[in-house]
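First comes the structure, then the notes that go with it.
The values are calculated or read from the model by the stated rules, or taken from the named source; none is laboratory data. Note that the structure is predicted; figures quoted are calculated from it, not measured. Here Cβ is always computed from backbone atoms with ideal geometry, including for glycine, and neighbour counts include all displayed protein chains. Keep in mind that these areas ignore ligands, DNA and RNA; they rest on the heavy atoms of the full protein, side chains included. Shrake-Rupley method; radii C 1.70, N 1.55, O 1.52, S 1.80 Å.
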Amino acid sequence: MLATIDLRSQPLGARDLRAALPRAEYDVEAALTAVQPICDEVHDRGAAALYDFAERFDGVRPTSLRVPQDVLEAAVEALDPDVRAALEVSIDRARTVHAAQRRSETTTQVVPGGVVTERWVPVERVGLYVPGGRAVYPSSVVMNVVPAQLAEVGSVAVASPPQKENVGVFAGYPHPTILAACALLGVDEVWSMGGAQAVAGFAHGFVDEGEGGECQPVSLVTGPGNVYVAAAKRLLKGLIGIDAEAGPTEIAILADAGADPEYVAADLISQAEHDPLAGSVLVTDSTELADAVAAVVERRAAATKHSERVAEALGGRQSAIVLVDDLDAGLRVVDAYAAEHLEVITDDAAAVAARVRNAGAIFVGPWSPVSLGDYAAGSNHVLPTGGSAAHSSGLSVQSFLKGIHVVEYTREALADVGPHVLALADAEDLPAHGEAVSARTTGEGQR
């Protein structure tokens, strides 16, 4: 089921590794062709287009685009007590971790009379997207809402697609577990819209002439989704800020001969059940472990609930067992892969993990599976995919803050540095820049 890529005694330069390592085919650029007219229609027709697209893509026409408060309350009342307790633990732990992330204002005296302050200001309004395709993701509500709230964003709205299977009071609305998670977090602005049209709705804003009311445009859209959501984010970036163009989920596991093959196989399968394009990669210097994991994967994959989806993901070009000469080589491989989720299950795993440079999140040792991070570690599970962990971070409080430099100089401090400003303005052939300083320091208005 899992292919083997043997990199032993092979060159491990960046170009070689990029060519050799498994990765899903995920063409956001191609999806732009499909997404452009959808976003244009939402811009032109507003709520009417959102109703039509829900009926077309989700198979149900929403009762209203905005979910009424009594429906949110009904979702909490209907929530399974065990699920509610789990969500409350997840919320509490996420708040504990994210509360420590916000940066404080810093003021630097550059010279006497010359001060630069860096302020961190939350964006005014965010749209948080929660997918609703093959699975239901109330955990993604937690992961998006908690850091936005702790950043003190002024206005938070959530969008999730309506579910055609819903009945009774929930008919025409997102999954009730999603609605309950929103209510538990105190979010009362929830919209029944999914896919690219949801991103466009947040970007442009709209007025629902029915009971929905008005959705004001947002400054930032965050949250994972399918390739069409990613394409809409790319198309509308600039009009809105985005967290990332999330691709298929992925796990890499760096393991040595001491790792338990049952744990490793279970974790590879856990990511594979997300999506047929999900990537599951084992990097090891032990052929014995590789063989044992391959055998356990075959057994476990056949027995798991979503066995067909898992088999497709594990058999795809994006999943493999990668053999390396030693752990040093393994570290070069996982850094080149830059996994969304990286598990390190080796001797002295903490020391090995400390050497990793590229990963969305690192899970250290046999008792820290990715599933823990998905739900209840306190960390955020909205993470960079497709190798973008080499340059990007996961969602955090910082994702919702803007740094603003505030510059305040006295006349004397400006006069002191003025000649340097004039010299650089001359060098760049921008004399008016220099004159803006000399007008203040000489009173002549020009040099």
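Listing for the model above:
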| quantity | calculated |
| --- | --- |
| DSSP-assigned coil residues among GluC sites (Glu not before Pro) in the range 135-228, each with at most 11 further Cβ atoms within 10 Å | GLU165, GLU209, GLU211 |
| Gain upon complete extension [ASP426, GLU105; 0.36 nm per residue less C-alpha separation] | 112.1 nm |
| Simple Cβ-charge dipole of the range 1-49, Lys/Arg +1 and Asp/Glu -1, about Cα centre, in debye nearest 20 | 360 |
| At 1.306 mPa s and 10 °C, Stokes diffusion of the chain via Kirkwood alpha-carbon radius, µm² per second | 66 |
| For GLY213, distant residues with modelled amide H under 5 Å away | ASP208 |
| For the range 174-191, 3J(HN,Hα) per residue [Karplus equation, 6.51 cos²θ - 1.76 cosθ + 1.60, θ = phi - 60°, Hz, x = Gly/Pro] | x, 4, x, 5, 5, 4, 5, 4, 4, 5, 4, 8, x, 8, 10, 10, 10, 10 |
| Accessible carbon and sulfur surface of the chain relative to its total accessible area, %, 1.4 Å | 49 |
| Which of ILE321, GLY403, ALA350, positive extreme of dipole for the range 298-447 (C-beta unit charges) | ILE321 |
| Expected 222 nm ellipticity per residue - DSSP helices of 4 or more, -39500 (n - 2.57), all of the chain, to 500 | -13000 deg cm²/dmol |
| FRET efficiency, ALA350 to THR117 (Cβ-Cβ, R0 45 Å, nearest 0.05) | 0.75 |
| Computed magnitude of the charge dipole of the range 62-177 (debye, nearest 20; Cβ of K, R +1, Cβ of D, E -1) | 380 |
| C-alpha center-to-center spacing [the range 211-245, the range 1-31] in angstrom | 30 |
| Neighbour cut-off at most 12 other Cβ (10 Å), DSSP loop, GluC sites (Glu not before Pro), the range 3-109 | GLU25, GLU105 |
| Among VAL437, HIS175, VAL83 - extreme Cα towards positive end, dipole of the chain, charges at beta-carbon | VAL437 |
| GluC sites (Glu not before Pro) restricted to DSSP loop in the range 402-435 with at most 15 other C-beta within 10 Å | GLU428 |
| All Cα pairs of the range 266-309, percent lying beyond 16 Å | 36 |
| Using θ = phi - 60° and Karplus 6.51 cos²θ - 1.76 cosθ + 1.60, couplings along the range 385-397 (whole Hz; Gly, Pro as x) | 10, x, x, 6, 5, 5, 9, 10, 10, x, 5, 7, 4 |
| Note, ³J(HN,Hα) from phi for the range 234-249, Karplus 6.51, -1.76, 1.60, rounded to Hz, x at Gly and Pro | 5, 5, 9, 4, x, 5, 10, x, 10, 7, 5, 9, 5, x, x, 5 |
| Among TYR51, ALA24, PRO37 - extreme Cα towards positive end, dipole of the range 8-55, charges at beta-carbon | ALA24 |
| Only Lys, Arg (+1) and Asp, Glu (-1) charged, at Cβ; the chain dipole about Cα centre in debye | 360 |
| Accessible area per residue in Å² at 1.4 Å probe, computed on the chain | 46 |
| Antiparallel bridge percentage (DSSP; both residues within the chain; nearest 5) | 30 |
| Total formal charge among the other residues, if their Cβ is under 15 angstrom from that of ALA232, Lys/Arg +1 and Asp/Glu -1 | -3 |
| Gap separating the Cα centres of the range 296-367 and the range 92-163, nearest whole Å | 29 |
| Overall Cα dimensions of the range 197-337, principal axis frame, Å, largest first | 64, 34, 22 |
